[in-house]
Structures are given as structure tokens and as C-alpha cells.
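What follows is a set of notes on a single structure, which appears directly below.
The values are calculated or read from the model by the stated rules, or taken from the named source; none is laboratory data. Here the structure is a predicted model, which means the values were calculated and not measured. Positions of Cβ are backbone-derived with ideal geometry, glycine not excepted, and every protein chain shown enters the neighbour counts.
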Amino acid sequence: MKLVRRFTALAILLLAGAGYVAWELIRPYAAFRAETFIEFPKGTSTVEMASMLAASGVIQHPWAFLAARALQPRRKLQAGEYHFTQPASVLDVYDRIARGDVFYYALAVPEGQNMFDIAADAEKLGLFPSADFLRAARDPSSIRDVDPAAPTLEGYLFPSTYRLTRHSTPEQLCRMMTAQFRDVWKQLGAPADVHTTVTLASLIEREARYPPDRPLISSVMHNRLQIRMKLDCDPTTIYAALLDGRYRGTIHQSDLASNNPYNTYRHAGLPPGPIANPGRDSLLAALHPADTQYLYFVLRPDGSGAHNFSKTISEHQLAIAQYRRANQREQVEESAPRRHTRGKKAQHDN
């Protein structure tokens, strides 16, 4: 009977111990007051991970993490930085590390953003100050082998979504973005001059709201360049004002009269460099313009973002008048201030 009692007691102890271990594995725990980050360098052992997690207050007992490892020995724990914000069980923590659910910032860069836009978005995410990114983007040395004439990295910071850590630097981001541009440019296999193409594509990207318009806008610019006619491109005027630190969201007559070399209302030909970062479609449009005789375009009054294209100034003036009439009707009907559109085609001839 004593032996039976001993086995019974042992079984109870084992069950109690197993229950305690199970409870420690599944109960949510957090001893940190605010969010916490833990970075596991490559080669960090399971024992080291357990100690770091316990020291940071993510788990209570290092042995519980080792127990989770014993239950799932075939799963590979991933190095990287992890972000913890709320209580979690040991099994949940183990699962996150096994899945490689590392912390990163996702910086989305749409087509047509310029380096000032990217810098502002990076700062909003908490990556680094906008001034630091602008300082890196103004150094064209990393793209000079592709474009020896590049004044900055503008145009080569390819639009995409980039995954960055808390330790990423502006220089690293610029290298990632220019590497993406190199890949796309190589895929296009274009024999054209990269500086001219990217500069022209950046103008197209900033002017085009309706994607099918891109080749038509490209044709207008090619036609004007061929006959040495000024481009009169509003986005270049905006970019000139940005470079001068005086753009406040609206084009003024002083902007149109500016002698800044990027102002295509004052200077014929393309500006010295790109004014934004074009996507693949705008690069293709710059390389393959539509075959037209158009010299002008203005937004249609239907709100679609599409443009009316004209061969002559008289046709263009009629299109402008149509846009203005529709815009005035809208103001009367809605009794609301006019919304300025990018390019402001109703105010300035193209």
C-alpha cells in the first residue's frame, strides 16, 4: 500500500508540475511599462534569447521559453529586432520569433513623390529627421555611374514600399531606392540617355493624373522640345519654388517669373534634372511617346483627371475657357472655394 501511495503522490506531483508548466506557457505576461524592443543578433542561442526576454520583462521565467523550445524543437528561431507592446504568453512569444515576425517600418513611396515628400514621410514615421534624408538625397555620387549629370538623387529614388528598421540610415534608404531604379532601368533595356529620359519622365509623372494620358503628355513635351518651344510646365515651377524654400501650396506670378533654372516658364528645354521620382509607366511613356502633333493640354472639366489635347493655341484657349466655365458653375452650385489642381491648367497655358 505504501508503494501505491508513493506512486499516487508522484503522479499527483507530476501532474501538478505539468499543469504549472502548461500554465506558465499559456498565461499572458508583461513586466514592461511601455513598448519594448529586443534585438537578437545572428547566432544568438535559445538560452540567450530566453535570458534577454526575461530581462526585458517580456516573459517571467527563462526556463518557460526553453520548455517551449523543447515542445517545438524543429522550429528555427529567427534573428532580428522584435517589438512588444502588450502582455503575451510564452508560446505566443516563441511563435513570433519562430515566424520571424521582426519589427520594421513600411515606407510607401508613391509615383511622383519628390525627395521633399519622401523626407517628410520618413520623419512622420519616426525614421529620421527630414533634413538628414535631404542631405543624403542631395549627394548624387551613388548614381553618378548611371547618370554623370545628376545634380541630386531626385528621379532615382524609385517609388515602392521599403521595409526599414529603427537603425536604418538615410544613406541606406537612398541606396535601396537607387538599387530599385537600377533594376527597373535594366529591365527596360532602353538605349536612350538616362538623364534626359528620367527628367522627362518626372515631368510626365507630375502632370499625368489619368494613366492613359501619359504617352499623350509625353508627345506634347517631345513636340515642344523638337521645335524649341518652352515647356511651360507648372510642376517645374513648383519644384523651383521648393528648391528656393518659398513654395506654400500655390503658384504665384513671382514663381512664373523666377529665374531658377528649373522654371520652364522662363527657360526652354528640360530642367537641369528630374523634379520627382517617376514610376515604370512614366519611364515607358518618356521612351515611347504617342505619335501626335499636340502642343497643348489642359484638364477636362469632368473631374476625371484626363486632359484635353490641342494642336493650336486657339483650340487650347477654347479648352481653357471650357474648363473655367465649368469650374465657375461648380463654385456657384456648391458655394465652396475652388480646389487648386496640381498643374493649375485653368490658370496657365501649357
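Within segment 208-252, the residues that satisfy the criterion of being of a type in the set (G, A, S) and either over 24 Å from the mean Cα position of the chain (by Cα) or at pLDDT 90 or above (or both) are A208, S218, S219, A240, A241.
Considered as a group, the residues in segment 175-192 that are over 22 Å from the mean Cα position of the chain (by Cα) and closer than 18 Å to P215 by Cα include one that is surrounded by the fewest Cβ atoms within 10 Å (Cβ to Cβ), and that residue is A192. Of the residues screened, R175 is not one that is in contact (Cβ under 8 Å) with a residue 12 or more places away in the chain, among the basic types (K, R) and either touching a strand residue (DSSP E or B) at 6+ places or on another chain (Cβ under 9 Å) or farther than 27 Å from D101 by Cβ (or both).
Among the residues of segment 81-95, count how many are buried (at least 18 other Cβ atoms within 10 Å of the Cβ) and within 27 Å of the chain's Cα centre (by Cα).
Residues meeting the conditions: 2.
Y29 meets the conditions (1) in contact with a strand residue (DSSP E or B) (Cβ under 8 Å, 6 or more places away or on another chain); (2) surrounded by 14 or more Cβ atoms within 10 Å (Cβ to Cβ); (3) modelled with pLDDT of 95 or more in every case but one. The failed one is (3). In segment 298-310, the residues that are touching a residue at least 12 places away in the same chain (Cβ under 8 Å) and polar (S, T, N, Q) reach residues that are crowded, with 21+ Cβ neighbours inside 10 Å and part of a loop (DSSP other than H, G, I, E, B) with C-beta atoms within less than 8 angstrom, at least six apart or across chains, in these pairs: S310/Y294.
Count of segment 87-132 residues, restricted to those that are over 23 Å from A201 (Cα atoms) and acidic (D, E), is 5. A single entry from S254, S258 fulfils the requirement of being over 18 Å from E207 (Cβ atoms), without any contact (Cβ under 8 Å) to a residue 60 or more places away in the chain and touching a helix residue (DSSP H, G or I) at 6+ places or on another chain (Cβ under 6 Å): S258. The set of residues in segment 185-240 being part of a helix (DSSP H, G or I), within 15 Å of Y296 (Cβ to Cβ) and among the charged types (D, E, K, R) consists of E207, D213, R224, D234.
Considering only residues that are under 24 Å from R33 (Cβ atoms) and either assigned to a helix (DSSP H, G or I) or free of Cβ contacts under 8 Å to residues at least 12 places away in the same chain (or both), which ones fall in segment 65-94?
F65, V90, L91, D92, V93, Y94
T152 meets all of the listed conditions (1) out of contact with any Phe, Trp or Tyr (no Cβ under 8 Å at 6 or more places or on another chain); (2) within 19 Å of A286 (Cα to Cα); (3) touching a residue at least 60 places away in the same chain (Cβ under 8 Å) but one, namely (2). The residue of segment 37-64 that is farthest from the chain's Cα centre (by Cα), among those that are in a loop (DSSP other than H, G, I, E, B) and among the hydrophobic types (A, V, I, L, M, F, W, C), is I59. Just so you know, in segment 290-333 the residues that are out of contact with any Lys or Arg (no Cβ under 9 Å at 6 or more places or on another chain) and buried (at least 21 other Cβ atoms within 10 Å of the Cβ) include one that is nearest to T199 (Cα to Cα), and it is F309. In the set S258, S254, only one residue is in a loop (DSSP other than H, G, I, E, B) and more than 30 Å from V184 (Cα to Cα); that residue is S258. Residues that are in a loop (DSSP other than H, G, I, E, B), of a type in the set (S, T, N, Q) and either closer than 24 Å to V102 by Cα or free of Cβ contacts under 8 Å to residues at least 12 places away in the same chain (or both): does segment 159-167 have at least one? Yes: one or more hits.
Candidates A98, A136, A150: the one that is surrounded by 14 or more Cβ atoms within 10 Å (Cβ to Cβ), touching a Gly at 6+ places or on another chain (Cβ under 7 Å) and either of a type in the set (G, A, S) or closer than 27 Å to F40 by Cβ (or both) is A150. Could you list all residues from segment 100-119 that are of a type in the set (G, A, S) and over 13 Å from P170 (Cβ atoms)? The answer is G100, A106, A108, G112. Scanning segment 264-284 for residues that are surrounded by 24 or more Cβ atoms within 10 Å (Cβ to Cβ) and either modelled with pLDDT under 95 or of a type in the set (A, V, I, L, M) (or both) turns up I275, A276, L283.
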